[in-house]
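**Student:** Handing you a structure now.
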Amino acid sequence: MSWLVITGVLLAIAGITALSASMLLAGSRRRQQVSMEETWHGWWQAADSAGRVDMAAPLDESVRESVHQSLLELERRLGKEAQPMRVLRVELMDSLDRHRLNVEILNFSADSRAVLRRQHPEILQTDEQAHTYIYANQLRISVLREYAGQQYGDAVDGDWFHVYQKASGLRQRGNRGFIERTLGGIQTSMDEVRFQAMSLMDGEIRRRLLQVPAGTRFPGFGKHQNPTFT
């Protein structure tokens with residue numbers, strides 16, 4: 001993991017949040033009332049746009065419907081929350097972490113994947129399941145981003161999401177190395193120290209990003225820097 005990059009991420013967040021309020025886009029209030037169902041159908045109506053066809057194509061109807069129902073359940077939960085936008089950000093952060101972790105597991109050697117799955121039956125047990133989950137999670141994240149943008153104005157290019165996307169990729173890459181060394185029996189005390197440091201830094205990044213006003217842009221981040229989830 002590049003600690004210079006992570007430090008840069010933290011500095012970028014600090015720099016933006018230190019700006020005067022007049023330079024931030026106020027987005028904590030809702031822009032318009034929109035339902036998850038409307039967002040879901042709107043996403044599919046625009047499914048011929050860049051990247052969407054490839055994202056959805058590997059998923060059969062049962063998986064798509066499972067994603068659909070998951071989104072509706074989340075909407076019901078958000079309706080009971082005092083700070084729904086914040087809860088939605090946490091959900092997106094967690095989804096990015098799960099996505100990146102599964103991508104990294106697929107980058108393990110076949111032998112390492114087999115050992116990891118045998119030791120941890122709670123994780124996805126086949127490559128096929130992992131690929132399906134990755135595509136389904138991308139679809140879910142994409143719809144949630146549209147919902148966040150329409151409902152709260154909380155989705156612009158180069159915002160907190162793209163910052164966390166970068167941080168999550170670095171964190172899970174570091175986790176992959178930690179897991180590989182553990183499986184190989186070559187883990188050291190310094191590995192544990194680095195792992196704990198990564199966890200603390202990740203928590204700090206999350207805490208700061210949850211405080212950033214909706215619509216805030218971070219220079220150097222965005223779709224041109226992170227064109228795909230993977």
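The values are calculated or read from the model by the stated rules, or taken from the named source; none is laboratory data. Worth saying up front: this structure is predicted, and the values here are computed from it rather than measured. Heads up, the Cβs are rebuilt from the backbone with ideal geometry, glycines too, and the neighbour counts pull from every protein chain shown.
**Student:** Kindly indicate the residue of segment 52-96 that is among the polar types (S, T, N, Q) and assigned to a helix (DSSP H, G or I) and also surrounded by the fewest Cβ atoms within 10 Å (Cβ to Cβ) among those meeting that condition.
**Tutor:** Checking each candidate, the answer is SER62.
**Student:** Here is a follow-up. For segment 90-109, check the following and say yes or no: at least one residue is under 16 Å from the mean Cα position of the chain (by Cα) and over 24 Å from ARG173 (Cα atoms).
**Tutor:** No, that holds for no residue.
**Student:** Right, another one. In this structure, does LEU72 turn out to be among the hydrophobic types (A, V, I, L, M, F, W, C), free of Cβ contacts under 8 Å to residues at least 12 places away in the same chain and more than 22 Å from ALA167 (Cβ to Cβ)?
**Tutor:** Here the answer is no, as LEU72 does not meet what is asked.
**Student:** Exactly one of these conditions fails for GLU73: (1) at pLDDT 90 or above; (2) under 12 Å from THR132 (Cα atoms). Give me its number.
**Tutor:** Result: GLU73 fails condition (2) only.
**Student:** Name the residue that is modelled with the highest pLDDT, counting only residues in segment 146-175 that are buried (at least 20 other Cβ atoms within 10 Å of the Cβ) and of a type in the set (Lys, Arg).
**Tutor:** The residue in question is LYS166.
**Student:** Between SER66, SER2, SER49, which is small (Gly, Ala, Ser), at pLDDT 70 or above and under 30 Å from ASP127 (Cβ atoms)?
**Tutor:** SER66
**Student:** Now a separate question. Scan segment 130-145 for residues that are surrounded by 20 or more Cβ atoms within 10 Å (Cβ to Cβ) and within 17 Å of GLY215 (Cα to Cα) and jot them down.
**Tutor:** The answer is LEU144, and nothing else.
**Student:** Separate question: Please tell me if LEU116 is in contact with a helix residue (DSSP H, G or I) (Cβ under 9 Å, 6 or more places away or on another chain), at pLDDT below 90 and outside any helix (DSSP H, G or I).
**Tutor:** Judged against the criteria, LEU116 is not a match.
**Student:** Of everything in segment 98-113, what is over 14 Å from THR132 (Cα atoms), in contact with an Asp or Glu (Cβ under 8 Å, 6 or more places away or on another chain) and assigned to a helix (DSSP H, G or I)? Give them in sequence order.
**Tutor:** SER112, ARG113, listed by residue number.
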